[in-house]
Amino acid sequence: MSIPGRRPKLIATDLDGTIVADYGFISQRTIAAFTKAHNLGIEIFFVTGRPPRWMAEINETFGFGNAICANGAMLFDLKSHRVLEEWLIPIESQLETVRRLRAAIPSISFAVEFEEKFHREISYIPRWDIGMDNVGVDKIEKLMTQPAFKMLARCSDGDLDSDQMLEIALRELEGIVTVTHSNGVDSLLEISALGVSKGQTLARMAARAGFTSADCVTFGDNPNDFSMLEWADRSWAMADGHPDAKKYAKFVALPHQDDGVAIVIEQLLELPQ
């Protein structure tokens, strides 16, 4: 496939399922492709649903680049491990989200993240943050005492998958918060402040650097990536990603385990400036 246009000025990529394999591996070919792009003066953005506490390995692997964390809620400095800007969910929006989703999905349970903290309900079984909150509370409302960068909602009995939960939540939470997910089979929603998304925050950072959507390329695999896939003039959905990703991206990359992103970047770097 011939890629149109000129060499990009900014490359933005999702992490998990896009350049990071399920078992946490980033290939040497991927590292080499991003390193060459960086050395050519291209801005690199790692745009992820991860919280900052999960970003140390990315800094250790690459040693360069910018980070947008928590699905657009945070601009994060990888080197200093410092949040530079954040866009938080107000307390009243957190409480209203919980009220509406409890009514719509009776088996739902919640976790909330603010600062470096992760808090959950007893019924919320964490998949990744095991050990961060071993106690939990009966009702998450007790802990909603300050603005949060992210809320998580899990269907405790697994009766609904993430896509089914998202369909309900988009209807119930319109005008309250932004809701998405990053794993179609995990029965898990990821919730941000109203209007906050990967695409919105990336567009803001690009504009600050004097770039337009034509100057940028993006890569992603799941619904939390759709906004930035749609925004960039050239974007790639992963072939092994969510089936709807292709509706938002302009192109399709090979699966992440086949170095799909690295292959595209190698071709992009051959384009004229």
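Give the residue, chosen from 174, 113, that is without any contact (Cβ under 8 Å) to a residue 12 or more places away in the chain and of a type outside the set (Lys, Arg).
174
Select from segment 142-174 the residues that are in a helix (DSSP H, G or I) and out of contact with any Cys (no Cβ under 8 Å at 6 or more places or on another chain) and list them in ascending order.
Listed by number, the residues that qualify are 142, 143, 162, 163, 164, 166, 167, 168, 169, 170, 171, 172.
Tell me which strands (runs of 3 or more DSSP E) are completely within segment 175-273 and hold 3 or more residues being within 16 Å of the chain's Cα centre (by Cα) and closer than 25 Å to residue 51 by Cβ, or say none if there are none.
177-180, 188-193, 216-220, 234-238
Could you grab me the full set of residues in segment 25-39 that are in a helix (DSSP H, G or I) and out of contact with any Ser or Thr (no Cβ under 7 Å at 6 or more places or on another chain)?
28, 29, 30, 32, 33, 34, 35, 36, 37, 38, 39
Please go through segment 40-63 and give me each residue that is part of a loop (DSSP other than H, G, I, E, B) and of a type in the set (Ser, Thr, Tyr), ordered by number.
48
Please work out if residue 101 is crowded, with 19+ Cβ neighbours inside 10 Å, among the hydrophobic types (A, V, I, L, M, F, W, C), part of a helix (DSSP H, G or I) and assigned by TED's automatic domain parsing to the domain that holds residue 121.
Yes.
The values are calculated or read from the model by the stated rules, or taken from the named source; none is laboratory data. Note that the structure is predicted; figures quoted are calculated from it, not measured. Here the Cβ is made from the backbone with ideal geometry for all residues, glycine too, and neighbour counts use every protein chain on show.
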